[in-house]
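What follows is a short report on a single structure.
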Amino acid sequence: MHISTRIFAAASIAAMSLFAGSAMADGEKYVIGTDSTYPPFEFVDASGTIQGFDIDIAKALCAEMKAECTFVSTDWDGIIPALNAKKFDMIVSSMSITPERLKLVDFSNKYYNTPPAIAVPKDSTIADVAGLKGKVIGAQTSTTHANYAEKHLADTELKLYPTADEYKLDVASGRVDAVIDDVVVLSEWVKSDAGACCKILTTLPVDKEINGNGAGIAIRQGDPLKEKLNTAIAAIRASGEYKKIQDKYFDFDVYGE
């Protein structure tokens, strides 16, 4: 998984803010960090507004908590350091709940869980995972998918990219043989005009040590916001609001097991 599915490094914040959710004026105010380069979970539309499944979920949670929320678009590599430096209050950006990240931050309960997958060009002769041996695989740096490839696809050459957009360009132009990412991200891409070059080869077995237990909302360690978020996640699941948002983006149950 953007699950989705990424890790951490040094910090850098780009600017992009917008109001989230119908909040009460006297409620809490939170700033939410997100890497807005991971469609369909988070992306910037033609008007410059951050959109996506994660964003709609965050807005629904803020409304449930009667909180006023704003978003800042942040480079993935620096997103955890920025949270801990109090640049924002939480990360809603398809971040997998992993043991390594739990050393640095706390997480809410999961809000979705999907497996990793491999995509290849449509004319590729690679027929299965075994056929990847000796091939070049692209992945976004500092992600669970990059870690997965290092561990489970060790007989391939791994090429890392700052963003998913860059590995997509390289597989489309033949500079890499395959790419690894969340199945939803790759599926949405290959269905688009930009991804017409490629197809899903296969999904991959989840390695819980690497992929974690789904995507959660990261907060600073010890922050009582965790329990508020858990209550709000349960509430939007029970009310049907979660399914309404899910059905806007997906035709299957993204929440997972």
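Points worth noting:
- Positions within region 165-193 being touching a strand residue (DSSP E or B) at 6+ places or on another chain (Cβ under 9 Å), open to solvent by 20 Å² or more (accessible area, probe 1.4 Å) and not in a helix (DSSP H, G or I), in sequence order: G174, R175, D177
- Here is the figure for region 108-160: residues that are in a strand (DSSP E or B) and open to solvent by 10 Å² or more (accessible area, probe 1.4 Å) total 6.
- Selected residue (only one of V105, V92 is farther than 17 Å from Y255 by Cα, of a type in the set (V, I, T), open to solvent by less than 10 Å² (accessible area, probe 1.4 Å) and in the same structural domain as L229 (by the TED database)): V105
- Of residues in region 34-52 being of a type in the set (A, V, I, L, M, F, W, C) and open to solvent by 40 Å² or more (accessible area, probe 1.4 Å), the one farthest from T141 (Cα to Cα): A46
- Residue list for region 214-246, restricted to those being charged (D, E, K, R) and surrounded by fewer than 12 Cβ atoms within 10 Å (Cβ to Cβ): E227
- Residue check, S96 of a type in the set (S, T, Y) and farther than 19 Å from F71 by Cα: yes
- Index of the failed condition, T98 passing every other in (1) within 17 Å of the chain's Cα centre (by Cα); (2) of a type outside the set (A, V, I, L, M); (3) open to solvent by 30 Å² or more (accessible area, probe 1.4 Å): (3)
- Subset of region 203-213 (residues that are assigned to a loop (DSSP other than H, G, I, E, B), open to solvent by less than 90 Å² (accessible area, probe 1.4 Å) and out of contact with any strand residue (DSSP E or B) (no Cβ under 6 Å at 6 or more places or on another chain)): V206, D207, N213
The values are calculated or read from the model by the stated rules, or taken from the named source; none is laboratory data. The structure presented is a predicted model; accordingly, all values stated were derived computationally and were not measured. Every residue, glycine as well, gets a Cβ built from its backbone with ideal geometry; the counts of neighbours run over all protein chains shown. What goes into the accessible areas is simple: the full protein's heavy atoms, side chains included, and nothing from ligands, DNA or RNA. Shrake-Rupley method; radii C 1.70, N 1.55, O 1.52, S 1.80 Å.
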